[in-house]
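The values are calculated or read from the model by the stated rules, or taken from the named source; none is laboratory data. Predicted, not measured: the structure shown is a model, and the values here were computed from it. Because the Cβ atoms are built from the backbone with ideal geometry, glycine has one as well, and the counts that use them run over all protein chains shown.
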Amino acid sequence: MYWLSKKRNIIGMLIPTLVIYTIFIILPIGMAVFYSFTKYSGIGKPDFIGAANYIRLFKDHIFWVSFKNTIIILAVDFALLMVAAFFAAILLNNRLIGANFCKALIFSPAIIAPIIVGIIWVYILDPKIGILNAVLKSIGLPSHLWIGGPVLSPYSIAFIYFWQQLGYIITIYIAGLKMIPTDVIEASTIDGASDWQRIRYIIFPMMKPQISTVAILVITGVFKIFEIVQQTTNGGPNHMSETLVTYSYSTTFSRSEYGYGMCLATITFVVSLIIVAIYSRAVRSKED
Amino acid sequence: MVQSGKKRSVMTLLMIVITIFAVFPFAWMIMLSFKGNNDIMLHPLSFPKSLDFSNYKNALSTLNYPQLYGNTFLICIISMAIELVVTFMSSFVLARMTFNRKIKSLVYGYLILGLSISPFILLFPVYRISVLLHISGKLRLVFPYVATSISFNTLLFTGYLKKLPAEIDEAAIIDGCNLFDLITKVIIPMSKPVIATIVIFNVLYIWNEYPFASVMLRDVTDYTLSMGASFFKGKYSVDYGGIIASSIMMIVPELIFYGIFQRNIVEGMTAGAVKG
Amino acid sequence: MKRKKVMTTLLGVLTIASLFAGCGSQAGSNSASSSGAAATGADETATVSGSSESSMEAPKDGETVIKFGIHVADPKAQEAVTWNIVNAFNKKYDGKYQVEFEAAEKSAHDQNMKLEASDGTLPEIFWCDSAQAVDFSDAGYLLDLSDFLSSNKDTDAALDDSMKQAFQTDDGVQYGLPYQANVEGFFYNKKVLKDAGVAEPTEGTTFTEFLDMCKKLNDAKITPIAQGSTDNYAIWAFLMFLDRYGYSENIDKILNGKEKFNNKDMVACFDKMSELGKAKAFPENMSTLSYFDAKASFEAGQAAFIDTGAWDAAEFDEKLGDNIGFWWGPTFDDSKYSQTCAMKVPSAPLCVSAAVSKDKSVQDAVYAFLNYYYSKDAAAISYQGSVFPATNYKDIQISDTQYALKAVNAAISTEGWTSPKAQPDQVLNAATQTQLYDSMLGVMMGNYSSKDALQMIDDSLANS
């Protein structure tokens, strides 16, 4: 490879990506960070107010509620998607009859328009008209405020996100599973390895790149969950189910506090980066 | 892999359970699309009394579907073409070329940053940048879509390309390949699973994307499919039937598309020339 | 193996070909955009293109085209009255002026107006969120319509002072004119009340009596008030509660910082909403219901009252016929303020872009349109569609089958009842307005105490 790695080639092949990315992603982020130090309604000229927005944020009760909710969702989805999707992918990768068909169907939640996801899940989770409570009641179990109450909403949102992302994540895992040479697997079978041993000592180590890809996608994805919340609870009742993104969205657009909204968005961005960094470091130190 | 029949049936059963879990709301939505608006809101659980196509008729008469499909398709093709070429090249550099490691990981980190950004933060700034660059009409969407795909594509492409054995490159070069030949004749054919994955994800993202579309497009003749649903929700009225029907009109091509491309993932490397 | 090769080649060819196509069409569009801008967006027709019965035509030569930015994506279906007025105008001035919609759903519309203000592409006339209109005006984006009013006496006279004052600054700038008149309160279902053995409310019905009605309705397994909370703006009938506790008298003092929201009167007022919540006046799942869900349940006879405005009149006529009644809401014994309050107030304003004054022919077109929009003809179209226009024309016939509109009209016409000069929430900036909604709903659902809820509004005002 060394022979082809001329400076000219390297730079020439990186430039288009770097230019587009810098203009349409990094520059806008810079602008957002700039606005986070201003008071601005989106109309006219912004007033520079220094770090006042950041000070306000630390005293803002709703910010902490949405922070807590986001972390709950992250914890639940990290566990569910990393583990459950991994085993589901292994299952679907077996050449079972109808597996391809099932894969397409399992993927379908990911492409349903968010507004519909909201409508459908409200009919499932709604405390009064939802099916879930109806089913629970009919088998004699207590019903709960799955959404619309103070406690369970973030868990319900995490579950909906899990449902929506399952197909996506499985697709990535399967792409990775396809890269494991079949003869390695066959050899292990001949050697008499059990299913568990095969997964633990062959598949799992060989899937490490996909696993960390998925981990990063899940972490960053959770920090972008938006439509599900907007459509099921709209952050309510009274901001109790707000996440960092929905809160910064409603601040920016409903309340027209563009400066404070961008401050919330900046913090969200930074928190998500920090968590990704912690994860990457943890994985790397384990590998060393 | 040789497995006992009993185990296979347990696995098949499990697969069916997962499928039902995933598909149930979707099936339900199709059912809802045949019900009137009030029925949807008041009796969401009941089966439709008869097959009522009025939601679809309504959607078809309100929206100009050939145009919506055409616009969405065009934006999709252009964005995908640019992003695939551009991000494949840069990921190839990051994954397989040799240069200063520090710079390499710096560039990689820089490109991955964007994963954490929620698109609505970009809306206002990106609009202003597009105006400054004098991009107008539906093409305004192309660069934002390409740009938002870069982080994700870099993550997947480099992850995959790094795993292809280094000997391939050497063998190809010894056979007299130049860089262009190496990429197009050797690496791309071997990257089918990851290309398919990326195509699926990004096409679906673009197909469904609403926030950018709603801010960047002004002319109804430029509208994309995802804006269809907004035609059925006003401040004082909502037509769930219309929303659902228009969403199904949007989803059907996606499912077909996914069916086709996921087969590419499945075929993947199995017949490939290289085994690790 | 062979297939694979074909696939790869195809992919390669496709990518390269479309790359060229991409570049080509882009260059093309650049040049098109510059010429398009000069043509005042002549190619931008906001008709829902393709719908066969659309009556909007392509502009003819010599026609001055002006754009009307509206807050729904499909004006023909969602703002039918305005659609009809615009079409009537286009027909009347065929060959001379043409108005075209620039249509987007509310939140997209709000964003678009801000963005277009920043790059100078605002539509000539646009519907503007009331909380934002002041900011637009302060930033110099809006045309002062005082000149228009003083040179068009008929239109000036057709608009009552209260309709104009809502959109005037202290130094007399008229930055907008009301889009329509909003009339808000409780609609009720006569049949449902009768079946539950509850008498219809009257103008004098007190809060205590109302609580008693709620109890009887609950006993009859009827939800007293259909009310959702996920569309936070849907609290219209409860704005009257505020007004009956002196909101309009005191709001200026509050906004100047001399008084607080968290005062004795407002606490008493919020306590009433909280009592309604405790008396189970609202649906059990209010926290997950939208305004649309609430409306559907009212129309299906599952609830006796609904908090909404006259914009739903046509829908109620269709669904409930002559079973519909209208009521301003309960009166309060413990309030020292006037209880004879009505709520006919200007809705959000129509604003005109400041750029209009730069081009005489465009300005003429805009003025002609405004004159038509506030004419008697337009008012007649409006009443036909069961919408109250902002104008004060008296002798317009309401048809016998417009039951809901008739009920509302009767309530407005009561002698001696007065409306505040603006809808209570609309005098606040966006942040405080949103907090007011949140606080009111929070108290109704029992999530906030009255004092906490009011304190949050004060905090919000202090921050913005």
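Figures for the structure shown
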| read-out | value |
| --- | --- |
| Residue in segment A:263-270 that is without any contact (Cβ under 8 Å) to a residue 12 or more places away in the chain and either under 30 Å from C:Asn285 (Cα atoms) or surrounded by 24 or more Cβ atoms within 10 Å (Cβ to Cβ) (or both) present | no |
| Condition check for A:Ala89: within 24 Å of C:Ser229 (Cβ to Cβ) and part of a helix (DSSP H, G or I) | no |
| Within segment B:164-188, tally of residues that are surrounded by fewer than 18 Cβ atoms within 10 Å (Cβ to Cβ) and in contact (Cβ under 8 Å) with a residue 24 or more places away in the chain | 3 |
| Segment C:240-254, residues that are exposed (fewer than 15 other Cβ atoms within 10 Å of the Cβ) and either touching a residue at least 60 places away in the same chain (Cβ under 8 Å) or not in a helix (DSSP H, G or I) (or both) | C:Glu249 |
| Single residue of segment A:171-207 satisfying the filter (touching a residue at least 24 places away in the same chain (Cβ under 8 Å) and more than 10 Å from chain B (Cβ to nearest Cβ)) that is surrounded by the most Cβ atoms within 10 Å (Cβ to Cβ) | A:Tyr173 |
| Of the criteria (1) acidic (Asp, Glu); (2) under 30 Å from C:Asp138 (Cβ atoms); (3) outside the structural domain of C:Ser146 (by TED's automatic domain parsing), which one C:Asp364 fails | (3) |
| So A:Leu80, is it assigned to a helix (DSSP H, G or I) and within 30 Å of C:Ala431 (Cα to Cα) | no |
| Residue that is surrounded by the fewest Cβ atoms within 10 Å (Cβ to Cβ), among those in segment C:294-335 that are of a type in the set (D, E, K, R) and at the interface with chain B (Cβ under 10 Å from one of its Cβ atoms) | C:Glu315 |
| Residue that is farthest from the other protein chains (Cβ to nearest Cβ) [pool: residues in segment C:273-293 that are surrounded by fewer than 24 Cβ atoms within 10 Å (Cβ to Cβ) and of a type in the set (S, T, N, Q)] | C:Ser274 |
| Given (1) at pLDDT 90 or above; (2) surrounded by fewer than 20 Cβ atoms within 10 Å (Cβ to Cβ); (3) under 19 Å from C:Ala365 (Cβ atoms), index of the condition C:Gly176 fails | (2) |
| Unique residue being outside any loop (DSSP other than H, G, I, E, B), modelled with pLDDT under 85 and farther than 28 Å from A:Thr246 by Cβ when the list is A:Ile202, A:Ile180, A:Ile120 | A:Ile202 |
| Hits in segment B:225-245 (condition: part of a helix (DSSP H, G or I), under 22 Å from A:Tyr123 (Cα atoms) and of a type in the set (A, V, I, L, M, F, W, C)) | B:Ala229, B:Phe232, B:Ile243, B:Ile244, B:Ala245 |
| One residue from B:Leu225, B:Leu161 being touching a residue at least 12 places away in the same chain (Cβ under 8 Å), more than 8 Å from every other protein chain (Cβ to nearest Cβ), touching a Ser or Thr at 6+ places or on another chain (Cβ under 7 Å) and more than 30 Å from B:Lys138 (Cα to Cα) | B:Leu161 |
| Extreme residue, surrounded by the most Cβ atoms within 10 Å (Cβ to Cβ), among residues of segment B:1-52 that are touching a residue at least 60 places away in the same chain (Cβ under 8 Å) and either of a type in the set (Gly, Ala, Ser) or more than 7 Å from every other protein chain (Cβ to nearest Cβ) (or both) | B:Ser33 |
| Any hit, segment A:134-142, residues being buried (at least 18 other Cβ atoms within 10 Å of the Cβ) and under 28 Å from A:Ile71 (Cα atoms) | no |
| Within segment C:364-464, helices (runs of 4 or more DSSP H) holding 1 or more residues that are within 20 Å of A:Asn238 (Cα to Cα) and of a type outside the set (D, E, K, R) | C:430-444, C:450-463 |
| Boolean, C:Asp138 is more than 24 Å from C:Ala296 (Cβ to Cβ), surrounded by fewer than 23 Cβ atoms within 10 Å (Cβ to Cβ) and out of contact with any Gly (no Cβ under 7 Å at 6 or more places or on another chain) | no |
| Search result, residues across segment C:421-448 that are in contact with a strand residue (DSSP E or B) (Cβ under 7 Å, 6 or more places away or on another chain) and modelled with pLDDT of 90 or more | C:Gln423 |
| Restricting segment B:53-91 to residues that are surrounded by 23 or more Cβ atoms within 10 Å (Cβ to Cβ) and more than 12 Å from chain C (Cβ to nearest Cβ), the residue that is farthest from B:Phe143 (Cα to Cα) | B:Asn55 |
| Filter result for the condition that a residue is buried (at least 23 other Cβ atoms within 10 Å of the Cβ), within 10 Å of chain C (Cβ to nearest Cβ), within 21 Å of the chain's Cα centre (by Cα) and not charged (D, E, K, R), over A:Thr232, A:Thr243, A:Thr252 | A:Thr232 |
| Residue count for segment C:77-118, restricted to those that are part of a helix (DSSP H, G or I), facing another protein chain (nearest Cβ under 8 Å) and out of contact with any Lys or Arg (no Cβ under 6 Å at 6 or more places or on another chain) | 11 |
| Failed condition for A:Pro150, given (1) away from chain C (no Cβ under 14 Å); (2) over 30 Å from B:Pro253 (Cβ atoms) | (1) |
| Test: residue in segment A:41-55 that is under 14 Å from A:Thr252 (Cα atoms), crowded, with 16+ Cβ neighbours inside 10 Å and out of contact with any Lys or Arg (no Cβ under 9 Å at 6 or more places or on another chain) | no |
| Selection within segment C:119-138 - of a type in the set (A, V, I, L, M, F, W, C), closer than 13 Å to C:Ser353 by Cβ and in a helix (DSSP H, G or I) | C:Ala133, C:Phe136 |
| Sole residue being facing another protein chain (nearest Cβ under 7 Å), surrounded by 20 or more Cβ atoms within 10 Å (Cβ to Cβ) and under 30 Å from B:Tyr69 (Cα atoms), chosen from B:Leu115, B:Leu111 | B:Leu115 |
